[in-house]
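Taking it in order: structure first as structure tokens, then the write-up.
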Amino acid sequence: MKRDWDAIHDDFRAGVLSIRAIATKHGAHEATIRKRAKAEGWQRDLSQHVRAATNAKLVRSKSTHLDENLPDDDNALIEAAADSNVAVVLEHREAIRRWKGIASKLAAVLTEMDVNDNNVADFARTLNSGVDALGKCIRLERQAFGLDDKEQNDEPPERRLTDEELEARIEQLSASVA
């Protein structure tokens, strides 16, 4: 099967998708992409531009974010990746809105429910689940609308490393064990 290496290279440079996601999208092996990227010196250097363009589009709904210091190909790649990101963010916002509606319906039912000795345990479990669901919706909504600090992240620090940084860290740890 012939690979579209230009498209793979564009996805790699945009820095939006993980190498695993790029491999899945293009039907390639991660290792093959990594080897080619290393051999050809590919850089994942447009991710900040893509993020800025995405934010600009979310705020202005159709604005472009061209950087006069970048070649036209890079600007086109940034715009395409930003459009894709915007679609995902808007889809997430809609899903969160639906789930908040469900949580609101549950709250309305619980508000009207007559609690007695026979149903207090079920009421408590349902209330706990509803509060948990609402908390998750609020957290997701804050993320989707960019209301929290960018530095707040529940992932462990090693999850924020690039693939190359992870590989270097693994080699370092392996050498220290041996």
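The values are calculated or read from the model by the stated rules, or taken from the named source; none is laboratory data. Note that this is a predicted model, so its numbers are computed, not measured. As a convention, Cβ positions derive from the backbone with ideal geometry for all residues, glycine included, and neighbour counts pool all protein chains shown.
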Out of HIS65, HIS26, which single residue is modelled with pLDDT under 85 and touching a helix residue (DSSP H, G or I) at 6+ places or on another chain (Cβ under 8 Å)?
HIS65
TRP99 - would you say it is within 18 Å of GLN143 (Cβ to Cβ) and aromatic (Phe, Trp, Tyr)?
yes
Condition (residue is surrounded by fewer than 11 Cβ atoms within 10 Å (Cβ to Cβ), small (Gly, Ala, Ser) and assigned to a helix (DSSP H, G or I)) applied to the range 64-78: is it met by at least one residue?
no
Which condition number in (1) aromatic (Phe, Trp, Tyr); (2) under 20 Å from LEU58 (Cβ atoms); (3) modelled with pLDDT of 85 or more is the one that PHE145 fails?
(3)
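So which residues in the range 41-50 are of a type outside the set (Phe, Trp, Tyr) and touching a helix residue (DSSP H, G or I) at 6+ places or on another chain (Cβ under 8 Å), if there are any at all? It would help to see each step written out before you state the result.
Applying the first criterion (of a type outside the set (Phe, Trp, Tyr)) to the range 41-50 yields 41, 43-50.
Passing the criteria: GLN43, ARG44, ASP45, LEU46, SER47, HIS49, VAL50.
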Return the residue satisfying two criteria in turn: it lies in the range 82-124 and is surrounded by 12 or more Cβ atoms within 10 Å (Cβ to Cβ) and of a type in the set (Ser, Thr, Tyr), and of such residues it is farthest from ARG13 (Cα to Cα).
SER104
Please go through the range 125-137 and pick out each residue that is surrounded by 15 or more Cβ atoms within 10 Å (Cβ to Cβ) and within 16 Å of ALA108 (Cα to Cα).
THR126, LEU127, GLY130, ALA133, LEU134
Can you tell me which residue in the range 29-62 is modelled with the lowest pLDDT, limited to those that are part of a loop (DSSP other than H, G, I, E, B) and among the hydrophobic types (A, V, I, L, M, F, W, C)?
LEU46
GLU151 vs. criteria at pLDDT below 80, in a helix (DSSP H, G or I), closer than 26 Å to THR54 by Cα and not basic (Lys, Arg)
no
Somewhere in the range 82-92, is a residue part of a helix (DSSP H, G or I), of a type in the set (Val, Ile, Thr), at pLDDT 85 or above and farther than 21 Å from ASP163 by Cβ?
no
